[in-house]
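Written below as structure tokens is the structure these notes are about.
The values are calculated or read from the model by the stated rules, or taken from the named source; none is laboratory data. Bear in mind the structure is a predicted one, so any value in this text is a computation, not a measurement. Neighbour counts run over all protein chains shown; Cβ positions are idealised from the backbone, glycine included. Only protein heavy atoms, including side chains, enter the accessible area calculation; ligands, DNA and RNA are left aside. Shrake-Rupley method; radii C 1.70, N 1.55, O 1.52, S 1.80 Å.
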Amino acid sequence: MGEIRFYRDEVEWTSIAEQLKQMPCPHCKAVGTLNRHGSISGCDETSTGVLRARRVFCSNRNARPGCGRTFSIWLADKILRVKLTTRGLWQFLKKAVSDGITAAIDAASDACRLSGRVLQRIWQRFDRRQSHIRTVLWAQRPPPDLPGDSQSTQAEVLAHLQAAFPDADCPIAAYQQTNKTFFF
Ligand SMILES: [Zn+2]
């Protein structure tokens, strides 16, 4: 997967939409061919019909020189194929490293209407991705010193993430927008 563009809110989307005509297409690099092309909705713990991403079309109609392909610009607090906001995911992962995966699943399955099996898979996705996340974070800053040596590697990654984005409303959303990649 190449670079993924993210936006934080409607104000930022409006500004991106106004600049589409000056942006090169990520597929064919043509400039002046990009148009808004609808949106992608889905569900997460906040709602069953929530905006997740905007579609952009590189126009090849009416003899325009685009490639005819589309791409998406994502809201920074959404994750591909996860029915949780980044904030919901952050809460779930924090609980899992502090109280254990069983307690985290109990808490999240009530709050987020997700089954234990789905939450277990989300935890596994994070687990498989953690060394990659750590590498990305190292490029920003070294990990913080943690008290004691009994921390799990998952807890270390979350502490590193928090330290990399100390002022962020949600560290996972900030990670996605800064690094132009999904958290996992
Ligand atoms: Zn194109």
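What the table below lists for this structure:
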item	result
Residue count for the range 168-184, restricted to those that are under 18 Å from ARG125 (Cβ atoms) and either open to solvent by 10 Å² or more (accessible area, probe 1.4 Å) or not in a helix (DSSP H, G or I) (or both)	7
Residue satisfying all of: in the range 62-85; open to solvent by less than 40 Å² (accessible area, probe 1.4 Å) and hydrophobic (A, V, I, L, M, F, W, C); nearest to the ligand (Cβ to nearest atom) among these	PHE71
Matching residues, the range 111-128, being within 14 Å of LEU89 (Cα to Cα) and either touching a strand residue (DSSP E or B) at 6+ places or on another chain (Cβ under 7 Å) or charged (D, E, K, R) (or both)	ARG113, ARG121, ARG125, ASP127
Boolean, VAL56 is within 16 Å of the ligand (Cβ to nearest atom) and either more than 28 Å from LEU119 (Cβ to Cβ) or under 18 Å from the mean Cα position of the chain (by Cα) (or both)	yes
Selection within the range 26-43 - hydroxyl-bearing (Ser, Thr, Tyr) and either farther than 28 Å from LYS83 by Cβ or within 11 Å of the ligand (Cβ to nearest atom) (or both)	THR33
Those residues of the range 41-61 which are open to solvent by less than 50 Å² (accessible area, probe 1.4 Å) and either closer than 30 Å to GLN120 by Cβ or among the hydrophobic types (A, V, I, L, M, F, W, C) (or both), in sequence order	GLY42, CYS43, ASP44, GLU45, SER47, VAL50, LEU51, ARG52, ALA53, VAL56, PHE57, CYS58
Count of the range 99-110 residues which are open to solvent by less than 70 Å² (accessible area, probe 1.4 Å) and more than 17 Å from GLN154 (Cβ to Cβ)	1
Residue match in the range 137-154 (condition: closer than 16 Å to LYS94 by Cα, part of a helix (DSSP H, G or I) and touching a helix residue (DSSP H, G or I) at 6+ places or on another chain (Cβ under 7 Å))	yes
